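Report on the following structure.
Read-outs throughout are calculated quantities, based only on the coordinates presented, and are distinct from any laboratory measurement. Please read these numbers as outputs of a predicted model, since none were measured by experiment. A quick note on method: Cβ atoms are made from the backbone with ideal geometry, for glycine too, and the neighbour counts reach across all protein chains shown.
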Amino acid sequence: MIQAAFESLDQNIEKQYVPVELDFIELDSLCEQNIYLFVQDRFVLYRGANLPFTLQDKLRLEKAKQNKVYIYCENEADLRRFYESNLTNIIESDKVAPEKKAKVLYQCAKGIAKDLFEKPTSTETIQRSRGVVDNTLSLLSKSSDAFVQMISLSGHDYYTYTHCVNVLTLTVSLLSDLGYKDPRFLKEAGMGALLHDVGKKKVPIEILNKPGKLTEEEWQVMKRHPEFGAEIVERARMPERGVDIIIQHHERINGKGYPHGLVGQDIPIASQVVAITDAYDAMTTNRCYQKAMKPFDAMRIITQEMKGHYNPQVVQKFLQMLNVKNKLQKK
Ligand SMILES: [Fe+2]
């Protein structure tokens, strides 16, 4: 059976036609891909990639009860490109269900995070991350359900890419709850959150995925990932606030963090927030060396065992935010 398009990204796509909803396609823009219809048991070309998909096209297809079209994808990257180029339209559309918006956005953000890890110095990928952060802010500002939907998509297994998307969602939501509403501030912080661990690209995989405890030598290499990250984005026009987050997300307000042992308010608020959201998401997902903790247990560690590491006001707001999320999930 052909899966709905937004679900297809969870599977391997190999040279196949994938259905997409008409409402997903941005009108009057070039689609980048050919658009096909499924007529009498075969796929037929409807619109070439070099022609815009117009309102008339859409109305004509709706009238003919064709509420889906197809794009031909060699692999997942092709489908992801389709979503990315139509993402703003999908997020802003009144006709796309909120949970579908969250799914598409989550998949796009995950894809960009993956590309960022594979080609971290690519200016183009950094630019794409601006788009996905903008759309995340836009979706999250529409309703508190969007936050719950985004966070619920993560599952319990830790993957570098999903972790980055979760940290992005938690960070911009928490900053907004703390009263930081300036879109530019949130966007720059969001980019830093999405890319906070990009420096792990330079940490050998044996160290990153080691099931047991790291040796002192290995730990010294691991601790360099914030600085590696800053070096990686240096030439990619990353906003300064984003670079600060990459370097400072392991700093702790009691000075026990790394790499610089910064204390208290010397750590900017956005970096203080990422320190908490990063730790929380890492604890609540399965890792090669540790099973996922329940949110309650992770928060107990953050508030009690790691007392002094984090800004208590920020931790308090984070608790409130997660409580609201739990209530919404039980609705
Ligand atoms: Fe990190």
Rounded to whole Hz, the Karplus (6.51, -1.76, 1.60) HN-Hα couplings of region 65-80, x for glycine and proline: 6, 9, 9, 9, 10, 10, 10, 8, 10, 6, 7, 4, 4, 5, 5, 4
So, with +1 on the Cβ of K and R and -1 on the Cβ of D and E, and no other charges, what is the size of the charge dipole of the chain about its Cα centre, to the nearest 20 debye? 740 debye
If exposed means GluC sites (Glu not before Pro) lying in a DSSP loop and surrounded by at most 15 other beta carbons within 10 Å, then the longest stretch of the chain lacking such sites spans residues 75-233
Out-of-range pairs (alpha-carbon distance over 28 Å; input 213/294; 201/307; 68/201; 103/223; 114/213; 200/256): 201/307; 68/201; 103/223
Per residue, how much space in cubic angstrom lies within the convex hull of the C-alpha atoms of region 10-76? 92 Å³
Which residues qualify? For residue 287, with a placed amide H closer than 5 Å and at least 5 residues away or on another chain, they are 292
Degrees between helix 312-330 axis and first principal axis of the chain (Cα, 0 to 90, nearest 10): 40 degrees
In nm, to one decimal, how far is the modelled label at residue 291 from the one at residue 227, with both set 7 Å along Cα→Cβ? 3.8 nm
If each of residue 54 and residue 27 carries a label point 7 Å out from its Cα toward its Cβ, how far apart are those two points in nm? 1.2 nm
Using the C-alpha gyration tensor of region 97-330, what are the square roots of 5 times its eigenvalues, in whole angstrom, with the largest one first? 24, 21, 18
What is the order of 23, 281, fewest Cβ neighbours within 10 Å to most? 23, 281
If each residue of separation counts as 0.36 nm, what is the full-extension length gain between residue 39 and residue 182 once their alpha-carbon separation is subtracted? 46.6 nm
Students often forget the sequence filter, so: which lysines lie under 18 Å Cα-Cα from residue 187 once same-chain residues fewer than 8 apart are removed? 110, 142
Surface/4 estimate of mean projected area, convex hull on alpha-carbon atoms of region 198-281, nm²: 5.9 nm²
A convex hull over the alpha carbons of region 97-201 yields, per residue, a volume in Å³ of 90 Å³
Extension gain, residue 313 back to residue 66 (0.36 nm per residue minus Cα-Cα distance, nm): 83.6 nm
Based on DSSP H runs of at least 4 residues, each adding -39500 (n - 2.57), what is the mean residue ellipticity at 222 nm of the chain after dividing by all its residues, to the nearest 500 deg cm²/dmol? -17000 deg cm²/dmol
Ordered by residue, what ³J(HN,Hα) values in Hz, to whole numbers, does region 197-207 give under the Karplus form 6.51 cos²θ - 1.76 cosθ + 1.60, where θ = phi - 60° and Gly and Pro are x? 9, 4, x, 5, 3, 8, 8, x, 4, 5, 6
From the phi of every residue in region 277-282, what ³J(HN,Hα) in whole Hz does the Karplus formula 6.51 cos²θ - 1.76 cosθ + 1.60 yield, where θ is phi - 60° and glycine or proline is x? 5, 5, 5, 5, 5, 5
